[in-house]
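Engineer: Just dropping this structure here.
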Amino acid sequence: GLAERRLPAAGAGARLYPDAFARALQPEYPSAAHLAAAVVARAVEILPPDPLYLRRPDATPPSARKSVLTR
């Protein structure tokens, strides 16, 4: 959402999409250890995931059963 776009973001993705992440922070390539330490120290706010789907899924709902008997 728009509120999340005002929050600081770290990583290369924040630099690739400056319109979405206006406040890019260092490091550009944070390690998993760096991210885990920031979470444990409560230095970052964890937001719920908000997936962005770029295309429709390949899976479709099942259709009606077809008869194998022919007349």
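Engineer: Quick test for you: out of T70, T60, pick the one residue that is polar (S, T, N, Q), at pLDDT 80 or above, at negative phi and surrounded by fewer than 10 Cβ atoms within 10 Å (Cβ to Cβ). Spell out the reasoning first.
Structural biologist: Values: T70 fails: at pLDDT 80 or above.
Going through T70, T60 in turn, just one is polar (S, T, N, Q), at pLDDT 80 or above, at negative phi and surrounded by fewer than 10 Cβ atoms within 10 Å (Cβ to Cβ): T60.
Engineer: Moving on to the next point. Filtering the range 16-44 down to residues that are assigned to a loop (DSSP other than H, G, I, E, B) and surrounded by fewer than 10 Cβ atoms within 10 Å (Cβ to Cβ), which residue is modelled with the highest pLDDT?
Structural biologist: Per the criteria, the residue is A41.
Engineer: Shifting gears a bit: Considering only the range 1-15, state which residues are surrounded by 10 or more Cβ atoms within 10 Å (Cβ to Cβ), modelled with pLDDT under 80 and in a helix (DSSP H, G or I).
Structural biologist: E4, R5
Engineer: What are the pairs with Cβ atoms under 7 angstrom where one residue, in the range 45-62, is under 30 Å from P8 (Cβ atoms) and the other, located anywhere, is at pLDDT below 80 and surrounded by 10 or more Cβ atoms within 10 Å (Cβ to Cβ)? Sequence gap at least six, or different chains.
Structural biologist: Every condition considered, the pairs that remain are E45/L7; L47/E4.
Engineer: Is it the case that the range 51-64 has a residue that's part of a helix (DSSP H, G or I) and under 19 Å from L7 (Cβ atoms)?
Structural biologist: Taking the range 51-64 and keeping what is part of a helix (DSSP H, G or I), we get none.
No, because not a single residue in the range 51-64 is part of a helix (DSSP H, G or I) and under 19 Å from L7 (Cβ atoms).
The values are calculated or read from the model by the stated rules, or taken from the named source; none is laboratory data. The structure displayed is predicted, hence computed values, not measured ones. Here Cβ is always computed from backbone atoms with ideal geometry, including for glycine, and neighbour counts include all displayed protein chains.
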